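Nothing in this text is a laboratory measurement; each read-out follows from the coordinates by a stated rule. From a predicted model like this one, the values you see are computed outputs, not experimental measurements. Positions of Cβ are backbone-derived with ideal geometry, glycine not excepted, and every protein chain shown enters the neighbour counts.
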Amino acid sequence: MVAVLNIHEGKSHPQQTNSNSKETSNTTVSPLCALTADSDIGGMKLGDAYQKFVKDQQADIPLSVWLIENPSSPISLPGSVDLRGHDCIHLLLNRGMSLFDEAFVIGYTMGNCANIGNHHISIYKLFSKICFPDAYQFNSFHMRAFDFGFMYGQKVKFQNIHKVNFDQYSDQPIHDLRVHFGINLMEVHCLWKAEQILLNSSPLMAAA
């Protein structure tokens, strides 16, 4: 749905330990769930990485989340993507499964959508704040990661990544796909570090 950010998350958001990875108690956590700024999975094929990435089961996702994040929902927002696509975008962006990672990936996917509007972002932020279960809610710090992701998604020349059928790219190295989709890992890491700086400069986080 994690480098130094997990240090802060563990202090301020204890509920994330169980809910953030969204896996069942019988699921073995893959190292890919905790990708860090130092991780390099570019040489892996997308299909292989996807199989090792801990994936949510559709039935485990709360209805309120499904309603606006899944393209099968009648009220889904622009940029909504199915679960497989969402996980693949996680891997392309080198982001794990913390709430900061989830916020960044969702922000990126929505920002990369050609027909997104400011009102869609306002609806998403309000709906997620009011209707999402506590374990899935983004606080103000997570929303900064969302905004970073949204900004980067708008910057990338390739648009509408939510419409991509990633099955056809299963045998392609992740590095090559990043080039194809215009994702620069150095830029993603810079945004990751910006999140860290904002967290470290926050009085709330410093006091935690």
Worksheet entry | Value of relative contact order over the stretch 30-207, rounded to a whole percent, pairs C-alpha under 8 Å and six or more apart | 29 percent
Fill in: Whole-angstrom gap from the stretch 118-135 to the stretch 137-208, using each part's C-alpha centre
19 Å
Practice prompt. Determine, for R95, R84, R144, the number of other Cβ atoms within 10 Å of each Cβ, and report the residues in order from fewest to most.
Written response: R84, R144, R95
Worksheet item: Sorting T36, T109 on the 10 Å Cβ count, fewest up front, what's the list?
Response: T36, T109
Worksheet item: Cα-Cα over 25 Å: which of K125/K193; K155/K193; K157/K193; K45/K163; K163/K193; K125/K163?
Response: K163/K193
Discussion item. Across the stretch 130-208, what fraction of all alpha-carbon pairs, as a whole percent, falls in each successive 10 Å bin from zero upward?
Written reply: 14, 35, 32, 16, 3
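Just want the ordering: I68, I123, I183, from fewest to most Cβ atoms lying within 10 Å of their own Cβ.
Neighbour counts put them in this order, fewest first: I123, I68, I183.
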